[in-house]
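Below: one structure, written as structure tokens.
The values are calculated or read from the model by the stated rules, or taken from the named source; none is laboratory data. This one's a predicted model, so the numbers in the text were calculated from it and none came from an experiment. Note: ideal-geometry Cβ built from the backbone for every residue, glycine included; neighbour counts use all protein chains shown. Ligands, DNA and RNA are excluded from the accessible area calculation, which covers all protein heavy atoms including side chains. Shrake-Rupley method; radii C 1.70, N 1.55, O 1.52, S 1.80 Å.
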Amino acid sequence: MNRILLVEDEPKLAALVGDYLRVGGYVVDHWVDGLAVIPAIRQGQYDLMLLDLMLPGRDGLDICRELRGFSRLPLIMMTARVDEIDRLLGLELGADDYICKPFSPRELVARVKAVLRRSGEQPCNPGLELDARAFQARYRGVALELTPVEFRMLAALAVRPGQVLSRDQLMNHIYQDHRVVADRTVDSHVKNLRRKLEAVTPGHDPIRSVYGVGYSLEFE
Ligand code: CA
């Protein structure tokens with residue numbers, strides 16, 4: 001049975017969504033406070049999170065940013081802010097889907113099913129472990145000596161295996177101050193990261209370059 005973490009501070013909406021999900025056969029834990037979310041995920045065994053954007057304590061985008069440093073937990077963002085930027089940013093940060101309020105609980109349950117089905121089909125990252133708090137990465141049991149920039153780059157690629165990220169997208173992930181750097185700067189970080197990964201698996205380089213587009217991480 002799939003376990004869902006529902007993070008929503010509007011009591012009526014949370015109760016309604018919770019009821020529909022339970023009727024749909026899911027086990028639901030409900031949290032209100034944004035500060036409690038990451039510890040709950042680290043302790044609980046969840047299959048999916050439904051995350052409201054505006055929360056007391058800590059907002060959904062901030063939670064999402066930290067989550068994607070260490071986990072690929074399937075994530076659906078729920079938002080009443082309809083402007084395009086927030087929607088895209090939700091996806092940019094690695095949400096699997098989003099739904100705009102007001103929504104029908106029936107539609108939400110359908111989205112949950114679809115995301116869980118997709119996530120079951122995705123390949124995992126064999127042997128890659130990331131600890132976002134300590135900025136430490138291990139690949140096939142070997143600790144990688146990464147700079148913070150390389151670590152963020154690897155984390156951004158690792159949560160979306162097989163998906164190509166453009167240099168601009170990588171830049172947004174690796175520089176928290178939103179600075180803009182030349183494409184060749186990104187390329188040189190990729191080159192260094194690639195060298196460190198390949199040292200662990202000689203002859204196999206998991207970073208794929210897609211000419212004119214960007215990079216993806218692919219494990220065999
Ligand atoms: Ca809210």
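I want the local charge near Val190. Using Cβ-Cβ distances under 13 Å, sum +1 for each Lys or Arg and -1 for each Asp or Glu among the other residues.
Computed value for this residue: +3.
Would you calculate, for the chain, the mean residue ellipticity at 222 nm contributed by helices, counting each DSSP H stretch of 4 or more residues as -39,500 (n - 2.57) and dividing by all residues, to the nearest 500?
When only DSSP H runs of four or more count, the value is -13000 deg cm²/dmol.
In debye, nearest 20, what is the charge dipole magnitude of the chain about its Cα centre with +1 on Lys and Arg Cβ and -1 on Asp and Glu Cβ, if you could check?
440 debye
Report the one residue of Leu193, Leu73, Tyr26 whose Cα lies farthest in the direction of the positive end of the charge dipole of the chain (charges on C-beta: Lys and Arg +1, Asp and Glu -1; origin at the Cα centre).
Most positive-ward Cα: Leu193.
Looking only at Val112, Val37, Val210, which one moves most when the chain is put into a Gaussian network model with springs between Cα atoms under 10 Å?
Result for the chain, Cα springs under 10 Å: Val210 fluctuates most.
Among Phe70, Phe151, Phe103, which one moves the most in a GNM of the chain with springs linking Cα atoms closer than 10 Å?
Phe103
Rolling a 1.4 angstrom probe over the protein heavy atoms, how many square angstrom per residue are accessible across the chain?
52 Å²
For the stretch 3-119, with only Lys/Arg (+1) and Asp/Glu (-1) charged at the beta-carbon, what is the dipole magnitude about the Cα centre, in debye rounded to 20?
480 debye
What does the charge dipole of the stretch 121-217 about its Cα centre add up to, to the nearest 20 debye, if the Cβ of each Lys and Arg holds +1 and the Cβ of each Asp and Glu holds -1?
120 debye
May I ask you to list the lysines whose Cα is less than 26 Å away from that of Lys12, ignoring any residue fewer than eight positions away on the same chain?
Lys101, Lys113
Just need the relative contact order of the chain here, percent rounded to a whole number, with Cα pairs under 8 Å and 6+ apart.
This gives 14 percent for the chain.
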